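Report on the structure given below.
The values are calculated or read from the model by the stated rules, or taken from the named source; none is laboratory data. Nothing here was measured: the structure is a model prediction, and the numbers come from that model. Cβ placement follows ideal geometry from the backbone for every residue including glycine, while neighbour counts extend to all protein chains displayed. These accessible areas exclude ligands, DNA and RNA; they are computed on the full protein's heavy atoms, side chains included. Shrake-Rupley method; radii C 1.70, N 1.55, O 1.52, S 1.80 Å.
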Amino acid sequence: MKWVKQTIHYWCDDTRSKHCLGNGICAAILDTGISAHPDFSGRILDFRDFTSSTPTVSLHDDSGHGTHVAGILAGSGQVSSGLYAGIAPDTDLLICKVLDHEGNGNIQTVLKGIDWILKIKDSYPLHLVNISVGGRPTLPPGQKKLLLDAVEHLWDLGLTVVVSSGNYGPRPGTVAVPGTSPKVITVGVPDTLPLFRTGHSSSNYSGRGPTDHCIKKPDVFAPGTGIISCNSRYISSMQSASVRPSLFQRPTFLSSQPYIAKTGTSMATPVVTGAIACLFSKYPDLSNVEAKLRLHNSCQPIPGTESGWGLLHVANLLNS
């Protein structure tokens, strides 16, 4: 995460002082679930799995994608002495599993997850919803409308919704749904950032606009290639203290590696969500529209980000 934080100008007075790292903020993540990794100790407030016939409340992640995303957003870096801490490590989490062990899902399952968020949003200090999930741009119009209406309803209720642009690029018109929504904040990966710790020969995969309604997308860009974050298969002797007992379920797989590298716009999305969590911890009374405007005004235009506002710049965002 060190080079990620350097790239987005993360280090500033607000982050160094640790006063604006997501304290008092809650973010919901719709993904493949989450494991009982020590880096989330005490901060997973609730969990639901909508991929099984009987929704369960016991923490698990049979894919690893959701745990990795959560670590980028809010991992404490406890196992790495802070080296792999996320962008907003004081943020509390609500986790909704809507994708299976292969990272696949369907619109109906995602809609169930969104309905759950709507039901519980007033029970927690919920500010943000991270959706590193997206349907192909060729999704049938009816399915597109259902998903777009659902995420825009979250936005209209005052929640800041941050979604990925998908990995179907870089041709025009390749932004994943619901990243095509003009309301939500859509995150892409610039193809001009250097590659770190990855076997990928190119980072030129991020979905690009314009959308069907000629809207420029993605809105904001952040690093997403070769990002190191929490490994869902890591279990330590501290696991019993990592979450409330009612949520804990001992996984059937073990690994000695606490962190792992992954690539995609899914990884860039929680970088931005985490930055906005830091913003809300400094200015808790901001609306989602005001937060989006501040994000727009604080981005740094660099080559490869011409289809949006520019690269995330955390110092500018917190001081704008």
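Values as computed for the structure displayed
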item	result
Selected residue [out of contact with any helix residue (DSSP H, G or I) (no Cβ under 7 Å at 6 or more places or on another chain), over 23 Å from G22 (Cα atoms) and either open to solvent by 40 Å² or more (accessible area, probe 1.4 Å) or not in a helix (DSSP H, G or I) (or both)] from G105, G82	G105
Of the criteria (1) of a type in the set (A, V, I, L, M); (2) crowded, with 17+ Cβ neighbours inside 10 Å; (3) over 16 Å from the mean Cα position of the chain (by Cα), which one V133 fails	(3)
Test: residue in region 14-29 that is within 17 Å of the chain's Cα centre (by Cα), surrounded by fewer than 24 Cβ atoms within 10 Å (Cβ to Cβ) and part of a strand (DSSP E or B)	yes
Among the candidates L286, L279, residue that is under 17 Å from V162 (Cα atoms), assigned to a loop (DSSP other than H, G, I, E, B), out of contact with any Gly (no Cβ under 6 Å at 6 or more places or on another chain) and of a type in the set (A, V, I, L, M)	L286
Flag if G42 is of a type in the set (G, A, S), more than 22 Å from Q6 (Cβ to Cβ) and either in contact (Cβ under 8 Å) with a residue 12 or more places away in the chain or open to solvent by 10 Å² or more (accessible area, probe 1.4 Å) (or both)	yes
D90 open to solvent by 40 Å² or more (accessible area, probe 1.4 Å), under 20 Å from A275 (Cβ atoms) and touching a residue at least 40 places away in the same chain (Cβ under 8 Å)	yes
Unique match (being open to solvent by 30 Å² or more (accessible area, probe 1.4 Å), closer than 15 Å to L45 by Cβ and either without any contact (Cβ under 8 Å) to a residue 12 or more places away in the chain or hydrophobic (A, V, I, L, M, F, W, C) (or both)) among K145, K119	K119
From H68, H9, residue being at pLDDT 95 or above and open to solvent by 10 Å² or more (accessible area, probe 1.4 Å)	H9
Filtered residues of region 81-101 (kept if over 13 Å from the mean Cα position of the chain (by Cα), hydroxyl-bearing (S, T, Y) and closer than 19 Å to D46 by Cα)	none
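Yes/no matrix, rows are residues, columns are (1) more than 20 Å from the chain's Cα centre (by Cα); (2) among the polar types (S, T, N, Q); (3) modelled with pLDDT of 90 or more:
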| position | (1), (2), (3) |
| --- | --- |
| A222 | no, no, yes |
| T225 | no, yes, yes |
| S232 | no, yes, yes |
| R244 | yes, no, no |
| K262 | no, no, yes |
| V271 | no, no, yes |
| N288 | no, yes, yes |
| K292 | no, no, yes |
